[in-house]
Amino acid sequence: MPTTIVLPSAILCSFLAIALGGLAKAQSDVEERPNVLFIAIDDLNDTVGFLRAHPGVKTPNLDRLAARGVSFTNAHCAAPACAPSRTAVITGMRPSSSGIYLNGHNALTHDLTKDLTTLPKSFQEAGYLTKGGGKIYHAHTLSEAALEGFLDPEPWDSFFPSKSQQLPAEVTPSGDWPVNGNGDWYRGRFDWEALDVDDDEMADAKVVSWAEKELSKVHEKPLFLAVGIYRPHIPWWTPKRYFDLHPLSEIALPEVEFDDLDDVPPAGRDFPREHWQKWIEENGQWANAVQGYFASVSFTDAMVGRLMAALDNGPLSRNTIVVLWSDHGYHLGQKQHWEKFALWEQATHVPLIFADTREDGFGKGETHVAASLLDIYPTLAELCQLDPPSHLDGESLVPWLEEPEREEQRAVVTTHGFQNHAVKSERWRYIRYADGSEELYDHQSDPNEFVNVAGRADLVGIKAELASWLPERNVESAERDKKNQK
């Protein structure tokens, strides 16, 4: 017969105390972890003030945030399109590893990505309260059906407006639109107009208002709060006061050379929307379009200011890490191109800021080391003591958060479509297309990438060094078609 062993009550109490102590410590460790304010911005290029890439754009709140943290002045997206870029950030997997290359590729249904432990899931599994609102995954306001987009409801304790809708409906002009008179592009939504509305009527302001309330609460768990700001995505229908910040008489058009595409190989010539630029010039709309974009950037800046004010004035003000990023850059006529969907500087260069409100947190400064949005996941995992999954393609940026002046030779990759890659180091941009054709730009002498020097014999070694950063794995596309490019 089995023997029953009766332990003295003192020993049982001892075991119980140890077990409860371990649970209490584990709970205490979770509670002491920093909160995270994760700000994702759509289509924001490097025109922001602290990146000093374009004069006159008013972004005081973004500039203040950069000054109170570490800004990565040479940060680049993993893909110059919303869906693949955001998938790369959320999954930590580069497009050439996942097969998510285009805006029609849905990570929720793709075999290589649908079961991955995503960034919000890692926080949820670590005991965080996960709340999200606005555009975190791919979505857009160009049709009602697209307000949900590729939202994954599973890793969120709550989502605003709901777990079946990422974006609130957007405000439209009171009169007929498109205001610019061209209905050919995105059914008239490549458009701009100064709206006679208050900020609070805008969809982004509704998302920010929800986030302000979350930042004013005391939560029982550490909080991972993801806030997606849709502007400056088109249409640039934005409150009038932001247009007034950028009078047409003060708009400085981008510096361009009109023969800029002459030395670009045919594979690269497929990307520019030259017919858009032609229409804009012929109809005298270039300054108006740039004004619409700048106004929307300043509106976005105001939304960031509201978020930071809510954080600073609330109960989370002394224990929160802030990360702010944009999914890709944006052309405003450079290389005869508009929007993203290309591998040049204007399409890949993005703002990336980490800030820490803790007294013993990381420092302040700026760094010019090449950084990728792929690095956000492993960086937050290290800062918040998460257990990162093994599939991450990025690297933690914590060494530069602790020492912004740290020098290290590093390059990062942006991918647009199967086997089309750009490699960006501190000095160089190297592009290799699927057909083997190349571009090379020296940012030391040519920051606008006007002169392709890939054919120079004395730069063969430079190209080889940059090519060593190209991904070894290039999986087939998740889907073959190119539908839903927006």
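How much accessible area does Arg64 have with a 1.4 Å probe, in Å² rounded to the nearest 10?
That residue has around 140 Å² of solvent-accessible surface.
As an exercise, use a Förster radius of 56 Å and the Cβ-Cβ distance of Arg318 and Asn182 to find the FRET efficiency, rounded to the nearest 0.05.
0.65
Each residue of region 163-169 in turn: what ³J(HN,Hα) in whole Hz from Karplus with 6.51, -1.76, 1.60 and θ = phi - 60°, glycine and Pro shown as x?
Going residue by residue, I get 6, 10, 7, 7, 10, x, 5 Hz, with x marking Gly and Pro.
Rounded to the nearest 500, what is the chain's calculated 222 nm mean residue ellipticity when only DSSP H runs of at least 4 contribute -39500 (n - 2.57) each, over all residues?
Per the formula, -8000 deg cm²/dmol.
Filter the GluC sites (Glu not before Pro) in region 254-362 down to the DSSP loop ones having no more than 14 other Cβ atoms within 10 Å, then list what survives.
Filter output for region 254-362: Glu255, Glu257, Glu359.
Compute the semi-axes of the equivalent ellipsoid of region 337-377, taking the square root of 5 times each eigenvalue of the Cα gyration tensor, and list them largest first in whole Å.
Equivalent ellipsoid semi-axes, largest first: 29, 10, 9 Å.
Treat region 221-372 as a sphere of radius equal to its Kirkwood radius over Cα pairs and apply Stokes-Einstein at 20 °C in a medium of 1.002 mPa s; give the translational diffusion coefficient in µm²/s, rounded to a whole number.
Here the translational diffusion coefficient equals 118 µm²/s.
Between beta-carbons, use under 13 Å as the cut-off and find the net charge around Ser437, counting Lys and Arg +1, Asp and Glu -1.
That sum, taken over residues with Cβ under 13 Å, equals -2.
Where does the chain land on the Kirkwood hydrodynamic radius, alpha-carbon pairs, in angstrom?
Over the chain, the inverse of the mean reciprocal pair distance is 23.4 Å.
Using a 1.4 angstrom probe on heavy atoms only, work out the carbon and sulfur share of the accessible area of region 219-362 in %.
45
Using modelled backbone amide H atoms (1.01 Å from N, in-plane), which distant-in-sequence or interchain residues come within less than 5 Å of Val171's amide H?
Under 5 Å from the amide H of Val171 lie the amide H atoms of Ala203, each far enough along the sequence or on another chain.
Alpha carbon centre of region 271-340 versus region 76-124: separation in Å?
Using only Cα atoms to place each centre, the spacing works out to 22 Å.
Suppose each label sits 7 Å from its Cα in the direction of the beta carbon; what would the Ala287-Arg52 distance come out to in nanometres?
Modelled inter-label distance: 2.8 nm.
Beyond 31 Å between alpha-carbons counts as too far, so tell me which of Lys206/Lys424; Lys131/Lys340; Lys58/Lys463 fall in that bin.
Table pairs above 31 Å Cα-Cα are Lys206/Lys424; Lys58/Lys463.
Counting Lys and Arg as +1 and Asp and Glu as -1, what is the net charge of the other residues whose Cβ lies under 12 Å from the Cβ of Thr172?
Once positives and negatives cancel, what remains is -4.
How much net charge surrounds Asp63 when only other residues with a Cβ under 12 Å from its Cβ are counted (Lys, Arg +1; Asp, Glu -1)?
Taking every Cβ under 12 Å from that of Asp63, the sum is +2.
Of the DSSP beta bridges with both residues in the chain, give the percent that are antiparallel, rounding to the nearest 5.
45
Restricting the calculation to Cα positions, tell me the Rg (one decimal) and the Dmax (whole number) of region 150-267 in Å.
19.4, 60
Report the calculated FRET efficiency for Glu403 and Ala467 (r = Cβ-Cβ distance, R0 = 25 Å), to the nearest 0.05.
For R0 = 25 Å, the calculated efficiency reads 0.30.
Keeping all protein chains in place, calculate the accessible area per residue for region 147-242 (probe 1.4 angstrom), answer in Å².
Accessible area per residue: 41 Å².
Tell me the Kirkwood hydrodynamic radius of region 400-486 in angstroms, computed as one over the mean inverse distance between distinct C-alpha pairs.
14.7
Per-residue counts of other Cβ atoms within 10 Å, averaged by peptide: what ranking do you get for 226-237, 375-386, 209-220, 420-431, highest first?
Taking the mean over residues of other Cβ atoms within 10 Å, the ranking is 226-237, 420-431, 375-386, 209-220.
Name the residues whose placed amide hydrogens come within less than 5 Å of the amide hydrogen of Glu366, ignoring near sequence neighbours (fewer than 5 apart) on the same chain.
Ser71
Between 0 and 90 degrees, rounded to the nearest ten: what's the tilt of helix 203-215 against the longest Cα principal axis of the chain?
That works out to roughly 20 degrees.
The values are calculated or read from the model by the stated rules, or taken from the named source; none is laboratory data. Just so you know, these numbers come straight off a predicted model, no measurement behind them. All Cβ positions, glycine included, derive from the backbone under ideal geometry; neighbour counts span all protein chains shown. Only protein heavy atoms, including side chains, enter the accessible area calculation; ligands, DNA and RNA are left aside. Shrake-Rupley method; radii C 1.70, N 1.55, O 1.52, S 1.80 Å.
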